[in-house]
Amino acid sequence: MENHRYIEVAVALPVHGTYTYKVPPTMVAQATVGMRVLVPFGRRRVTGYVIAPGQGPVEFEAKAISEVLDMEPLFPPAMIKLFQWVSDYYIHPLGEVIKTALPKGLNRYDVSVVTLAEATQALDPSTLTPLEQEIVALLKKRGSLPVKNILGRGKSSATALVKRMAKKGLIRVVSTLKKDQVQMKTEKFISSTNKSREGVKLSTKRKLVLDLVTEKGEISLQSLKAELPTAPRLVKLLFEAGFLEITERQVFRDPLGDTVDPDVPPQLTEEQAGVVDQVRSTMDKGFQRFLLSGVTGSGKTEVYMRLVTDAIDRGRGALVMVPEISLISQTERRFRARFGNKIAVLHSGLSKGEHLDQWNRITSGEATIVIGARSSIFAPINKLGIILVDEEHDTSYKQETGLRYNARDMAVVRAQFNDIPVILGSATPSVQSYYNVCEGRFQELKLEKRVNQNPLPEIELVDLKRYKDFRGRERIITPELSKGIAQSLDRGEQALIFLNRRGYATYPVCESCGEPVKCRFCDLTMTLHMDKNEFRCHLCGFSISMQMRCPNCDAKKIKPLGFGTERIENMLQVLFPDARVARLDQDTGGKKGAMVSILKKVKHRTVDIIVGTQMLAKGHDFPFITLVGVICADLSLNFPDFRAGERTFQLLAQVAGRAGRGDRKGRVVMQTYNPEHFSIEAAKNQDFIEFYHKDLPFRKGLSYPPFSRIIQLKITSTDKEKVKQHALLVGEICKKMLDKDTENGHFIQVLGPIEAGIPKIALRYRWQILLKSVSASLLNRLVRAMVAEKKVFANKDVKVAIDVDPYFMM
């Protein structure tokens, strides 16, 4: 057969490699690159993605595709190279990479469903075994049930039972196609045919419908129904009589907020203009990497908008990435004021339907500027002209489950594939990115002054060791901080109080035996949430009433030690009873729209004191916040992680940067037990270079990134002994492979296997192995060899996950 009758397909399953399929003549025109196809795979049908034309006749009889699932490609052919790189670098199946990239819910596959055979309905139950009786009763009640729901009922022999019952003719097992969970939204639009009404007797309501349609020219049925609830029935009658025409069209669900007024681009400062000109001068030189290091409030966003304008003027698109959903609303409003409906947004806060609609606007070319969180790195922009990554240091760019990719690193790779510039921006760059500047891989761009010409806020360190013997709230909110808040409130200004720990009491213990209240599913102390009257685990979500008895000694009294944002909010309400206090953390801002609502209150000054976690620390611009209070600057310093100092410095410098962004001078009160630590000292001086030169020697001495690369093997199971034995086995296999490789084996260091920092999460026991080397390719080759070793990944009781360039080391 001819080449074009074959296609290469990546299936949406955890299998590496691609598969060749035959395309029936009737589907040849539709089965193009970027389309989904339904393909037979083993005994079932699954979703596949067309990634290339076939390579000609094959030595085996290829199976034919069953169906083409899309009218238009879901991604441009240029993205195939990116998908393949991600699959190779992160050692993840190509089909699952593409599935991760696409909007959720676009996955069709066969599901085995069990129904009762007709003869079984009248069968005497006493002739059946107890397990068979249970399944028959369940099917009589439910009608039909997916096999996995029966198999998941806790019976170890359930698979054999289903096969035995099917063989006896008691049940039937059939395959049913599970369809997409999300589809394009369509709406009916009504217009007039201009047919004469002369001599036709019409009711008052029908005349009203015709008058409304004639007045509007065209109106959606939904809008017409809002004017007249009985409109659908009347429209149908008028359509049948020839007075109206009905057309059905795709409409987009709008995830964007309120309408915004167009803005006028401000005059750039001399620094901003210099940065814009420097990047513009390289626009025609292809792939260029820049690190934009600008102090907080230096106007990086305006620089981004000027560079996006330049890309649009050249007929290209732009991708603007921000780390948190909370920042997307602010960024999207500013960009929409400048660029109107050219904007699309992509992030996990969208509904499945909204995500699909935004995706389709991008593929159709209607939206040429995409603003989003880490998943937006996969945005299907056809003619991409520039990529901008704001707050590039932020760990939120790293995905911690499934495909564990780093969107910041992928932005650089995508820019290289598209031969375009990429700008990573931050007031507190990552050590990795600044090291790339020092090594000549990145060009540095600098913004060293605030746009309003105000100085950076003055930072005062308060040594908490001086208050360790105090009783009451002064141990937590020191006199220096409470005085600063009072002064801000007296001047009619706002204060931001930062603590990166939510809840009321973070270490509840039994007063009788001293045992902490621990989660029954995780090796972690639970947190008291007074507003919900419960203890809650922040890892798995398990909660229990605060009226519980001690599981260890059955005593009633639990003492709430420790503090979180909820407790700080309560203290501030007592200290400043006339102030309007609000809180922003995962508890108050987790629901859709809640975070934006709280941020709007701060912006519109209906809040005097805002208490929050790191959700408040990044990128927000509130000109009337003049005081920032840091309750405890040391929390993240205590993590057993080589990046602990870096994260502490970045978080403190970022939250300090929220003060004094308007016309009034800012001040920061930073409470700490370690005022002499170099991370705290550098944050006080707001000097990243000082931090960088003190942190780098530690990393070099221990050969940690950026002087090496790391791959982490995460080994988990519900069985404590099995996970330990399998971890030891994986470690042994790994070391044997390195011993055999006499040429390169000594370039790789194996750390572990060892029990993880948090040994159990959600009933899964956790071990880990760290593989470290100066060569990323040697690490990749070793782990690929381990993937091919069935003993490592084939254990059904133990899961082994691969994390390339890991961030969460616990």
Exercise. For D634, D313, what's the largest-to-smallest order of accessible area, 1.4 Å probe?
Worked result: D313, D634
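Can you tell me, using C-alpha contacts under 8 Å and at least 6 residues apart, the relative contact order of the chain as a whole percent?
Normalised by residue count, the contact order of the chain is 9 percent.
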Seminar exercise, completed: Classified through the alpha carbon gyration tensor (a ≥ b ≥ c as square roots of its eigenvalues; rounded if a/c is under 1.5, else prolate when a/b is larger than b/c, else oblate), region 523-583 comes out prolate
Exercise. Using a ≥ b ≥ c from the Cα gyration tensor of the chain (square roots of the eigenvalues), is it rounded, prolate or oblate, where a/c under 1.5 gives rounded and otherwise the larger of a/b and b/c decides, a/b for prolate?
Worked result: rounded
Seminar exercise, completed: Dividing the helical contributions, -39500 (n - 2.57) per DSSP H run of n ≥ 4, by the residues of the chain yields a 222 nm value, nearest 500 deg cm²/dmol, of -9500 deg cm²/dmol
Exercise. Of K178/K398; K81/K740; K449/K694; K99/K790; K465/K760; K140/K352, which sit over 28 Å apart, Cα to Cα?
Worked result: K178/K398; K81/K740; K465/K760; K140/K352
Seminar exercise, completed: Of the accessible area of region 673-721, computed with a 1.4 Å probe and all protein chains kept, carbon and sulfur make up a percent value of 55
For this session: Skip the ligands, DNA and RNA, and give the accessible area per residue of region 296-403 with a 1.4 Å probe, whole Å².
Result: 27
Exercise. How many angstrom lie between the C-alpha centres of region 428-462 and region 42-111?
Worked result: 42
Seminar exercise, completed: On the accessible surface of region 17-79, probed at 1.4 Å with all protein chains in place, carbon and sulfur together account for a percent value of 57
Exercise. Looking at the square roots a ≥ b ≥ c of the eigenvalues of the Cα gyration tensor of region 491-618, which shape do they give, rounded for a/c under 1.5, prolate if a/b is larger than b/c, or oblate?
Worked result: prolate
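Taking only protein heavy atoms into account and a 1.4 Å probe, give the accessible area per residue of region 646-708 in Å².
Numbers: 2450 Å² over 63 residues.
Averaged over the residues of region 646-708, the accessible area is 39 Å².
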For this session: Would you mind checking the pairs K559/K618; K601/K665; K216/K591 and listing those with alpha carbons more than 28 angstrom apart?
Result: K559/K618; K216/K591
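Figure the gain on full extension for A486 and T718 (residue separation times 0.36 nm, minus the Cα-Cα span) and round it to one decimal in nm. Provide the component values of the computation, followed by the final result.
Values: separation 232, 0.36 × 232 = 83.52 nm, distance 5.22 nm.
Gain in length upon complete extension: 78.3 nm.
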Seminar exercise, completed: With a 1.4 angstrom probe the carbon and sulfur portion of accessible area for region 292-385, in percent, totals 44
For this session: Give the peptides 584-596, 342-354 in descending order of average Cβ contacts within 10 Å, highest first.
Result: 342-354, 584-596
Problem set entry | Relative contact order (%) - criterion: Cα under 8 Å, at least six apart; region: region 579-712 | 22
For this session: Give the ranking of Y109, Y467 by solvent-accessible surface, highest area first, calculated with a 1.4 Å probe.
Result: Y109, Y467
Problem set entry | Net charge over other residues, Cβ less than 12 angstrom from the Cβ of D587 (K, R count +1; D, E count -1) | +1
Exercise. Cα centroid distance between region 711-766 and region 662-701, in Å?
Worked result: 36
Seminar exercise, completed: Once D88, D797 are ranked on solvent-accessible area with the largest value leading and a 1.4 Å probe, the list reads D88, D797
Exercise. So for the pair A785, Y704, with labels modelled 7 Å out along Cα→Cβ, what separation do we get in nm?
Worked result: 2.8
Problem set entry | Given charges at beta-carbon only (K, R positive; D, E negative), |dipole| of the chain in Debye | 2600
Exercise. When only Cα pairs under 8 Å and 6 or more residues apart are kept, what is the percent relative contact order across region 27-178?
Worked result: 24
For this session: Just name one of F60, M670, A117: the one whose Cα is farthest towards the positive end of the charge dipole of the chain (beta-carbon charges, Lys/Arg +1, Asp/Glu -1).
Result: A117
Exercise. What is the local net charge at E324, summed over the other residues whose Cβ is closer than 11 Å to its Cβ (Lys, Arg +1; Asp, Glu -1)?
Worked result: -1
Exercise. Roughly how many nanometres apart are two label points built 7 Å out from the Cα toward the Cβ at W85 and F470?
Worked result: 5.3
Problem set entry | Eligible aspartates and glutamates near K722 by straight Cα distance, threshold 20 Å, same-chain separation 8 or greater | D523, E732, E755, E789, D797
Exercise. Share of antiparallel DSSP beta bridges in the chain, in percent to the nearest 5?
Worked result: 60
Seminar exercise, completed: Given a 1.4 Å probe, the accessible area of region 1-114 per residue, as a whole number of Å², is 45
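The values are calculated or read from the model by the stated rules, or taken from the named source; none is laboratory data. What you see is a predicted model, and the numbers here were worked out from it, not measured in a lab. Cβ sites come from the backbone with ideal geometry, for glycine too, and all protein chains shown count toward neighbours. Ligands, DNA and RNA are stripped out before the accessible areas are found, and what is left, the full protein with its side chains, is counted by its heavy atoms. Shrake-Rupley method; radii C 1.70, N 1.55, O 1.52, S 1.80 Å.
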